[in-house]
1. Could you list all residues from the stretch 133-143 that are surrounded by fewer than 20 Cβ atoms within 10 Å (Cβ to Cβ) and either in a helix (DSSP H, G or I) or on the phi < 0 side of the Ramachandran plot (or both)?
2. Could you check the stretch 61-72 and list, in sequence order, the residues that are crowded, with 17+ Cβ neighbours inside 10 Å and part of a helix (DSSP H, G or I)?
3. Does residue 217 fit the bill of being surrounded by fewer than 21 Cβ atoms within 10 Å (Cβ to Cβ), more than 24 Å from residue 43 (Cα to Cα), modelled with pLDDT under 90 and out of contact with any strand residue (DSSP E or B) (no Cβ under 9 Å at 6 or more places or on another chain)?
4. Does the stretch 161-190 hold any residues that are assigned to a strand (DSSP E or B) and over 20 Å from the mean Cα position of the chain (by Cα), and which are they?
5. Filter the stretch 82-125 for residues that are part of a helix (DSSP H, G or I), exposed (fewer than 13 other Cβ atoms within 10 Å of the Cβ) and more than 20 Å from the chain's Cα centre (by Cα) and give the result.
6. Quick test of your reading of the structure: residue 22 fulfils all but one of (1) at pLDDT 95 or above; (2) farther than 22 Å from residue 128 by Cβ; (3) crowded, with 16+ Cβ neighbours inside 10 Å. Name the failing condition by number.
7. Criterion first (in contact (Cβ under 8 Å) with a residue 60 or more places away in the chain, surrounded by fewer than 22 Cβ atoms within 10 Å (Cβ to Cβ), within 25 Å of residue 214 (Cα to Cα) and touching a strand residue (DSSP E or B) at 6+ places or on another chain (Cβ under 8 Å)) does residue 155 satisfy it?
């Protein structure tokens, strides 16, 4: 990974462009809610290290550490209103991550699906691709801009739009995909590889069905791994055996 001069061997990089999907809970740390600046800084350092390989990085971050639309809807709130609140939560997380990255010297842009020009650019596909080509990290906020769609679906949609080679699905409290919940079943089996159709048929908790189908239709592999262990983002980006890979590799690479 690093040569005798302390420089990255770029030929080890497996992908050219990826979407990193972070859960909102990953930014909360041990407190379980809100934003922990120390945790955000730690994730930002990992992203900077990964970007140093020459990889083009886009990020989609959830909002579950601040608000969950489904939870609000379950308690009687209008579903569309609850989902829009969730989208705004993702903007808060995205701005926090942008601040941490730029404090580390990483040029970053936040693009939102809901227009709010005072804090971020509107999402424009061609502009996002241009930012990536110029070496900037692009954070996609506010979901798809529509209620009833998760940030998993956002990650799959944006990955297809920007022609990403893979989605790096960084999970909290999970190091891959299992046939049952390992927290309750000590005999749960971890999968090394899965096909999209198997994920859909078995209802495995990788992404929601809409997101999984989008990835299947566009042949975008999903690498599911733990965010809790430092260095895992880089390992996943370099194609090391880590977590679970869904759908193999794009274009047979």
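1. Going residue by residue through the stretch 133-143, those that are surrounded by fewer than 20 Cβ atoms within 10 Å (Cβ to Cβ) are 133-136.
Answer for the stretch 133-143, where residues must be surrounded by fewer than 20 Cβ atoms within 10 Å (Cβ to Cβ) and either in a helix (DSSP H, G or I) or on the phi < 0 side of the Ramachandran plot (or both): 133, 134, 136.
2. Initially, the stretch 61-72 is screened for residues crowded, with 17+ Cβ neighbours inside 10 Å, giving 61-69, 72.
Answer for the stretch 61-72, where residues must be crowded, with 17+ Cβ neighbours inside 10 Å and part of a helix (DSSP H, G or I): 69, 72.
3. On the way: surrounded by fewer than 21 Cβ atoms within 10 Å (Cβ to Cβ): yes; more than 24 Å from residue 43 (Cα to Cα): yes; modelled with pLDDT under 90: no; out of contact with any strand residue (DSSP E or B) (no Cβ under 9 Å at 6 or more places or on another chain): yes.
No.
4. Within the stretch 161-190, the subset assigned to a strand (DSSP E or B) is 166-171, 177-178, 190.
Correct list: 190 only.
5. Initial filter on the stretch 82-125 (part of a helix (DSSP H, G or I)): 82-103, 125.
Narrowing further to those that are exposed (fewer than 13 other Cβ atoms within 10 Å of the Cβ): 103, 125.
Of everything in the stretch 82-125, just one residue is part of a helix (DSSP H, G or I), exposed (fewer than 13 other Cβ atoms within 10 Å of the Cβ) and more than 20 Å from the chain's Cα centre (by Cα), namely 103.
6. (2)
7. Details: in contact (Cβ under 8 Å) with a residue 60 or more places away in the chain: yes; surrounded by fewer than 22 Cβ atoms within 10 Å (Cβ to Cβ): no; within 25 Å of residue 214 (Cα to Cα): yes; touching a strand residue (DSSP E or B) at 6+ places or on another chain (Cβ under 8 Å): yes.
So residue 155 fails the test.
Here is a yes/no grid of residues against (1) more than 22 Å from residue 43 (Cβ to Cβ); (2) modelled with pLDDT under 90; (3) surrounded by fewer than 23 Cβ atoms within 10 Å (Cβ to Cβ):
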| residue | (1), (2), (3) |
| --- | --- |
| 198 | yes, no, yes |
| 209 | yes, no, yes |
| 235 | no, no, yes |
| 249 | yes, yes, yes |
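The values are calculated or read from the model by the stated rules, or taken from the named source; none is laboratory data. Everything numeric here is computed off the predicted structure, so don't read it as measured data. Positions of Cβ are backbone-derived with ideal geometry, glycine not excepted, and every protein chain shown enters the neighbour counts.
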